[in-house]
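Engineer: Have a look at this one before I ask anything.
The values are calculated or read from the model by the stated rules, or taken from the named source; none is laboratory data. From a predicted model like this one, the values you see are computed outputs, not experimental measurements. Here the Cβ is made from the backbone with ideal geometry for all residues, glycine too, and neighbour counts use every protein chain on show. In case anyone asks, the SASA skips ligands and DNA or RNA and just uses the protein heavy atoms, side chains included. Shrake-Rupley method; radii C 1.70, N 1.55, O 1.52, S 1.80 Å.
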Amino acid sequence: GVLAERRHGEGRRAEDGDAGDAIYFYAPSELADAPLDGRPVRIGGRVRGGSVAYDDAGGVTFVVTDCAADAPVAYHGALPDLFREGQEVVVQGVREAGVFRASEVLAKHDENYAPPEAAAALKKTGCWDDGAMKTAAG
């Protein structure tokens, strides 16, 4: 599973397996102050309505928001079946020239679940609807 915790102002650390595999998680509003240094990170929040655009080469761009800030994302590949505007997502990748180049896009599993990292980011900014979503923890 994924463990998230606060680490010295560097976002939340999500560990998948070995300690060497640690990937930090940020909400869009945390990215401006994040020491990314070209390393892979995860960002999470909600896909902004009206932001999804597909290109002829199989790529897609969209905006992830936590209602306090936006993060533009570019991705090339198959999106999860449940990906859509207005839903919570976590994307993994590297920020380059102000655009988050995603290598992976994770979508919520169903209408009553959101990735815990995305839910926490939205709750922090007051963008979370308690009646509509819940995290894996409940």
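Engineer: For the range 55-99: of the residues being β-branched (Val, Ile, Thr) and over 19 Å from residue 124 (Cβ atoms), which is nearest to the chain's Cα centre (by Cα)? Full working, then the answer.
Structural biologist: If we filter the range 55-99 for residues that are β-branched (Val, Ile, Thr), which is where we start, we get 60-61, 63-65, 73, 89-91, 94, 99.
Pick out the ones that are also over 19 Å from residue 124 (Cβ atoms) and you get 60-61, 73, 94, 99.
On the way: 60: 15, 61: 14, 73: 10, 94: 12, 99: 13 Å.
Applying the filter and picking the extreme gives 73.
Engineer: Count, please, the residues in the range 84-96 that happen to be open to solvent by 70 Å² or more (accessible area, probe 1.4 Å), closer than 16 Å to residue 50 by Cα and either of a type outside the set (Asp, Glu) or assigned to a strand (DSSP E or B) (or both).
Structural biologist: Result for the range 84-96: 1.
Engineer: Exactly one condition in (1) more than 18 Å from residue 23 (Cβ to Cβ); (2) at pLDDT below 90; (3) not aromatic (Phe, Trp, Tyr) is false for residue 36; which is it?
Structural biologist: The single condition residue 36 does not satisfy is (1).
Engineer: If you don't mind, there's one more thing I want to ask. Need the failing condition index for residue 102 against (1) at pLDDT 90 or above; (2) touching a Leu at 6+ places or on another chain (Cβ under 8 Å); (3) not hydroxyl-bearing (Ser, Thr, Tyr), just the number.
Structural biologist: Tallying (1) at pLDDT 90 or above; (2) touching a Leu at 6+ places or on another chain (Cβ under 8 Å); (3) not hydroxyl-bearing (Ser, Thr, Tyr), residue 102 fails exactly one: (2).
Engineer: Could you list, in sequence order, the residues of the range 35-83 that are free of Cβ contacts under 8 Å to residues at least 40 places away in the same chain, open to solvent by less than 30 Å² (accessible area, probe 1.4 Å) and in a loop (DSSP other than H, G, I, E, B)?
Structural biologist: Listed by number, the residues that qualify are 51, 83.
Engineer: What are the residues in the range 16-31 that are out of contact with any Lys or Arg (no Cβ under 6 Å at 6 or more places or on another chain) and either modelled with pLDDT under 80 or more than 14 Å from residue 71 (Cα to Cα) (or both), if any?
Structural biologist: Matches in the range 16-31: 16, 17, 18, 19, 20, 21.
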